[in-house]
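Taking it in order: structure first as structure tokens, then the write-up.
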Amino acid sequence: MPATTRPPDGPPGPLALVDADRATELMTASTAWRSLTLTLAQLADLELLLLGVFGPVPGYAETTSRDGLRMPALVVPAEAAAGVAPGDTVALRDPEGVMIAALHVGLVRPSSESGESGESGESGESGESGETGETGARDDDADAVGPGQARLAGRVEGLRPPSHPDYPGLRPRPGELRALLRERGWFEPGGRAPWAVWADGLLHTADIARIRALTRQGKRCVVLAPVGGTDPTDPRHHLRVRALRAALDALDEPIRPTEATLAGEAIAAEATRASAAVSFYPPGPAAPPAGAETAAGRTTRPSDAQPAKALLVLVPVVPSAELAAPREPGITATSPFGAPTGDPGEPDRLAELVTLRAHVAEFYGLGGSITGPALGAPGRDELAALLAAGRPIPAELTPPGVAAQLARAYPPRRARGFTVLFTGLSGSGKSTLAALLVVRLLERGDRHVTLLDDDVVRTQLSRGLGFSRADREAGVTRIGFVAAEVAAAGGIAVCAPTAPHAAARARTRELVGSSGAGFVLVHVSTPLEVCENRDREGLYARARAGLIPEFTGVSAPYEEPTDADVTVDTARVTPDAAVDAVLAYLRTEGWLPA
């Protein structure tokens, strides 16, 4: 049976997992159940449920919001939930197919595109989830279910926690964190609990000044870094962790003159809620040293050592871009125990994010919860511009250790990889221009260059794909994936698909740019009649005869780019002149040395 995670008069205990016999029983029975593969973000929600953050009996509630706290919702594609009904049991698995938990379904709610709820299950009565559909709950459950989706609710039995191969020593569970705080002497009899400083992004000089201001007031700080939904093989995740540790190391450095101003930001008085008192938590064992195995079977590593003046804890909460963005003066970041403060017109979404973080901080045994960057912290665009130009990041903006990590990960543009994607009708000349551009780049001899031409790719990477919209988008996605990998490794990918759809081109731009690599879209705008006259393979003639369905420019549309970086018309300029225009753009934007 599941263990109780939070006694009424004590702190949270271990994860709510079934015993070995029950786990074997569930795994054996699961061969006859429907299985759902959870996304990394959904696995983070499930981990919070198993930790007991939302109640001692883990489960997906029938109502998605309670007292301003957004509850985890299991929303899946409608086809994945087809045939699932209340009373069924579903196996919840990670992307590797490992069964993490069993969901005893109490409610199935499909999308209500027609305005009707379409809800399966009894409303207003307690279901297996242990939650009730009380009329006082906020009536926004439909917001969680979009078109083509369904939401499942019910009680959960956990078999094992989600696997985290990265930074085990930085992932203490609530009880382990309290043990570590007691070992450090950060819990004082009758005193207040340490403060939580949330880092949805990075910590910069202004953030460090704010932490110093708290410590001067006698407060201790635990930096909670949301890492839910992050891929442990994603280099950006590891960069963020290294940068956060470098920022906390700056606490041991001398105070900079600029911090006198930065630390002037108002910090609210400490929360007074009784449950924050240290007396709430009974004594517990000391935290294990690095290299020792924890009670949960996880082993810490020497690389997980913590700084002396603050703690860094990775928590299974999905990071928020809104809370990582710089905030305007006058909006306070301090929110003790789920009471969002600041602009009365703050959007519901932001208020929910702040409330969730305050709730999780309290569950971990911490006091006031500070969310969002400190006033004066730089924005992402400001840092990106400095890095792209190869200029140093001033210490007034970010600690030198953080700047060094960022500079190593994001060298100047002239040293980064990039992708050039030519798009245009068949016969527009994009393959000719792509090949000529590759020759010009190879003549430079300073970078690895890869050519991904549509005609060649169709014989290998996209073999079997036709000309339908779905097949064309799949082909562009495959090319974009390979190009992103080449560019992320510092190489240059030159691509020449037709890429007739704006959405597929936008996804490729985002995919390539997510690693810091460059993306240049070149629209080869040669008119249709010119392209058709050039047709050496007879494709246009066959398409007009109805032999090739959904052929771009004839029986399927070409969505002309509105976001092209370079536009060339090979009916008006020579191939050499067109490629010169592309090279000039690359030099102007800093992707190639001038």
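The values are calculated or read from the model by the stated rules, or taken from the named source; none is laboratory data. Values in this document were obtained by computation on a predicted structure and should not be read as measured data. Here Cβ is always computed from backbone atoms with ideal geometry, including for glycine, and neighbour counts include all displayed protein chains. All accessible areas refer to the heavy atoms of the entire protein, side chains included, with ligands and DNA or RNA removed. Shrake-Rupley method; radii C 1.70, N 1.55, O 1.52, S 1.80 Å.
Tell me, what ³J(HN,Hα) does each residue in the stretch 71-88 have, in order and in whole Hz, if you take phi through Karplus 6.51 cos²θ - 1.76 cosθ + 1.60 with θ = phi - 60° and put x for Gly and Pro?
Per-residue couplings from phi come out as 8, x, 10, 8, 10, 10, x, 4, 5, 5, 9, 4, x, 7, 9, x, x, 7 Hz.
Show me, for the stretch 409-426, the HN-Hα J-couplings you get by feeding each phi into the Karplus relation (A = 6.51, B = -1.76, C = 1.60, θ = phi - 60°), rounded to Hz, glycine and proline as x.
7, 10, x, x, 3, 5, 10, 9, x, 7, 10, 10, 10, 8, 10, x, 5, 4
May I ask you to derive the FRET efficiency for Thr588 and Ala325 from their Cβ-Cβ distance with R0 = 35 Å, giving the value to the nearest 0.05?
Once the sixth-power term is evaluated, E becomes 0.75.
Compute the Rg to Rh ratio over the stretch 413-589 from the alpha carbon atoms, using the Kirkwood formula for Rh, and round to two decimal places.
0.95
Give the peptides 487-498, 508-519, 76-87, 407-418 in descending order of average Cβ contacts within 10 Å, highest first.
Peptide ranking by packing, descending: 487-498, 508-519, 407-418, 76-87.
Quick one: which residues, 5 or more positions from Leu17 or on another chain, have an amide H under 5 Å from its amide H? H modelled 1.01 Å from N in the peptide plane, none for Pro or chain starts.
Ala3
Could you state the accessible area per residue of the stretch 413-589 in Å², with a 1.4 Å probe and every protein chain left in place?
Working: 8150 Å² over 177 residues.
Each residue of the stretch 413-589 exposes 46 Å² on average to a 1.4 Å probe.
If packing is taken as the average count of other Cβ atoms within 10 Å, what order do 149-160, 435-446 fall into, highest mean first?
Result, highest mean first: 149-160, 435-446.
Using θ = phi - 60° and the Karplus form 6.51 cos²θ - 1.76 cosθ + 1.60, what ³J(HN,Hα) does each residue of the stretch 227-238 get, whole Hz, x for Gly and Pro?
So the J values, rounded to whole Hz, are 10, x, x, 8, 8, x, 9, 7, x, 5, 4, 5.
What accessible surface, in Å², does a 1.4 Å probe find on Tyr364, ignoring ligands, DNA and RNA and rounding to the nearest 10?
Using a 1.4 Å probe on the heavy atoms, I get roughly 0 Å².
Leaving ligands and nucleic acids out of the surface, order Glu362, Glu550, Glu537 by accessible area at 1.4 Å, largest first.
In descending accessible area the options line up as Glu537, Glu550, Glu362.
Work out the FRET efficiency for Thr28 and His238 from their Cβ-Cβ distance, taking R0 = 41 Å, and round it to the nearest 0.05. Provide the component values of the computation, followed by the final result.
On the way: r = 38 Å, r/R0 = 0.93.
E between Thr28 and His238, to the nearest 0.05, is 0.60.
Can you give me the solvent accessible area of Ile211 with a 1.4 Å probe, rounded to the nearest 10 Å²?
Using a 1.4 Å probe on the heavy atoms, I get roughly 0 Å².
Please work out the Cα center distance from the stretch 361-387 to the stretch 465-499, rounded to the nearest Å.
35
For Glu96, Glu176, what's the largest-to-smallest order of accessible area, 1.4 Å probe?
Output order, biggest surface exposure first: Glu96, Glu176.
Can you give the extra length, in nm with one decimal, that the chain gains between Leu547 and Ala571 once fully stretched, where that is 0.36 nm per residue apart less the Cα-Cα distance?
5.9 nm
Once the piece of chain linking Ser555 and Arg536 is laid out straight, how much longer is it, given 0.36 nm per residue of separation minus the C-alpha distance between them?
Result for the pair: 4.9 nm of gain on full extension.
Starting from the residue with the highest accessible area, list Thr423, Thr31, Thr39 in decreasing order, probe 1.4 Å.
Thr31, Thr39, Thr423
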